[in-house]
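A.B. asks: I'd like to ask some things about the structure below.
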Amino acid sequence: MKKNSIPRNVVVLGVVSLLTDAATEMIYPLLPLFIATLGSGAILLGIIEGLAETTSSMLKLASGIMSDKLGKRKTIVVIGYTISSLVRPLIGIVSDAWQIALIRSMDRVGKGIRTSPRDALIASSVDERIRGKAYGFHRAMDHSGAVIGPLLCIGTLALLILVFNLSELSTILRMTFLLAIIPGALAVISLILFVKENTAGLSAGNSFSFSLRSFDRNFKRYLTIIAFFTLGNSSDAFMLFRIQEAMSNSETLRTIILSVPLLNAMVSRFSDPHIQLQFANMLFLPLIWSFFHIVKVLFSTPLGSLSDRIGRKLVINIGWGIYTLVYAGFAMLDLLSEEWQIAGTFLLFTLYAVYYAFTEGAEKAFVADMVPAHLRGSAFGLYNFSIGIAALPASIGFGIIYNAFGGSAAFGIGAGIAFISMLVFSFTVTEEIRN
């Protein structure tokens, strides 16, 4: 194998993430609309997403520590992916919006169990000189699934409406959610059959003691800043909610959707003009979500590897600066005309995807750089915990502000927190590599 080539383990884990994200993104873009059809809005959306991420973060810490102590990663990763793949489609059978919180939390239980051991497994599978590239590649594969997922969503909607002649919006959404079990099951099978564990540097049978004193102050400062940044980084579902709200009565959007023959055929199956407008809006969400992830796919690997050359801090700070601009843009979205709202949405999601491409691989590679190999599971657990523990107050607070003062205030505050985080990170955290 060439020195700078992506190892097989990372490739297979990328395929697993692709399939898992395809299953998730068959559901995610439709979730704000589904919650609305059940009679709920921004505050419940914030509670659902905040609980889901906080549940996940608790388990990311525990599973990371456990994988270090057991000296095994793969078994824990398999358990996590299996739970998510089985539970996620059950959103299709809920009768009330609060039940989505329970299912989303269980889905995040699976994500929490698998994420830290998987990230440590990637770190142990690659040379330190291409860690940024490896994490960038993995995120690119994950985002490829997020491109495929919304397209599968639209294909499923077309099948249910045009072939099976379903016309009740709630039933169509539910059937789409249930069918998401297929790519999820394929992900688990691929993981079991093709991922091989590298246990170099690990030893089984260690005691399950854990102390923050194992990590230096520099790493702790990094985690603190990550947590503060997350306080202004609400669930991406709010972006979709913002678009749905801003364009809920957009005849321009309806005209654009109807100009596409397949989408026109689907919308035309509904006789009520209000339902047609609602359904056109629903179709726009997976389309913009797929576009968002296409940009992520294109930039994740090159920008992830950029941190190998010019440094993690600079790349992360560039990303956080872009994030600040994106949230400021979403704060002003409803000030634009209908035509410019659509163009502005594509521009903002392009920049938001570039933010992810700059930061996702670099932030994880930064974690791997800062700690020794035998503590990486725990370190990734702490990293993910720092993000997740702030996600609950971030999403709930964002939902409350959104409900009380509107989207402009909520996104504006998020932009301010991101800008402060960028400044503090620049002056208080140093780069270092520990083997």
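The values are calculated or read from the model by the stated rules, or taken from the named source; none is laboratory data. It should be emphasised that the depicted structure is a prediction, and the values quoted were computed from it without experimental measurement. Glycine gets a Cβ as well: all are built from the backbone with ideal geometry, and neighbour counts include every protein chain shown.
A.B. asks: Looking at region 48-162, what helices (runs of 4 or more DSSP H) fall wholly within it and have at least 2 residues that are within 17 Å of E363 (Cα to Cα)?
C.D. replies: Here the list reads 97-125, 131-158.
A.B. asks: Let me ask something else. Please go through region 309-345 and give me each residue that is modelled with pLDDT under 85 and of a type in the set (F, W, Y), ordered by number.
C.D. replies: Once the filter is applied, which keeps residues that are modelled with pLDDT under 85 and of a type in the set (F, W, Y), region 309-345 yields only W340.
A.B. asks: Grab the helices (runs of 4 or more DSSP H) fully contained in region 259-359, keeping just those with 1 or more residues being out of contact with any strand residue (DSSP E or B) (no Cβ under 8 Å at 6 or more places or on another chain) and under 24 Å from I413 (Cα atoms).
C.D. replies: Here the list reads 273-310, 312-331.
A.B. asks: Check off (1) at pLDDT below 80; (2) closer than 30 Å to A368 by Cβ for T230 and give me the number that stays unchecked.
C.D. replies: For T230, the exception is condition (1).
A.B. asks: Right, something else. Testing G184 on (1) more than 30 Å from P372 (Cβ to Cβ); (2) touching a helix residue (DSSP H, G or I) at 6+ places or on another chain (Cβ under 7 Å); (3) surrounded by fewer than 19 Cβ atoms within 10 Å (Cβ to Cβ), one condition comes back false. Which one is that?
C.D. replies: Of everything listed in (1) more than 30 Å from P372 (Cβ to Cβ); (2) touching a helix residue (DSSP H, G or I) at 6+ places or on another chain (Cβ under 7 Å); (3) surrounded by fewer than 19 Cβ atoms within 10 Å (Cβ to Cβ), G184 misses just condition (3).
A.B. asks: Identify, from the list S259, S307, the residue that is crowded, with 16+ Cβ neighbours inside 10 Å, over 20 Å from A36 (Cβ atoms) and of a type in the set (S, T, N, Q).
C.D. replies: Checking each option against the conditions leaves just S307.
A.B. asks: While we're on this one: How do the pairs read when you match residues in region 179-191 that are touching a residue at least 60 places away in the same chain (Cβ under 8 Å) with residues anywhere that are among the β-branched types (V, I, T) and buried (at least 22 other Cβ atoms within 10 Å of the Cβ), using Cβ under 7 Å and keeping only pairs 6 or more apart or on different chains?
C.D. replies: Correct list of pairs: A180/I27; G184/T20; A187/V16; A187/T20; S190/V16; L191/V16; L191/V77.
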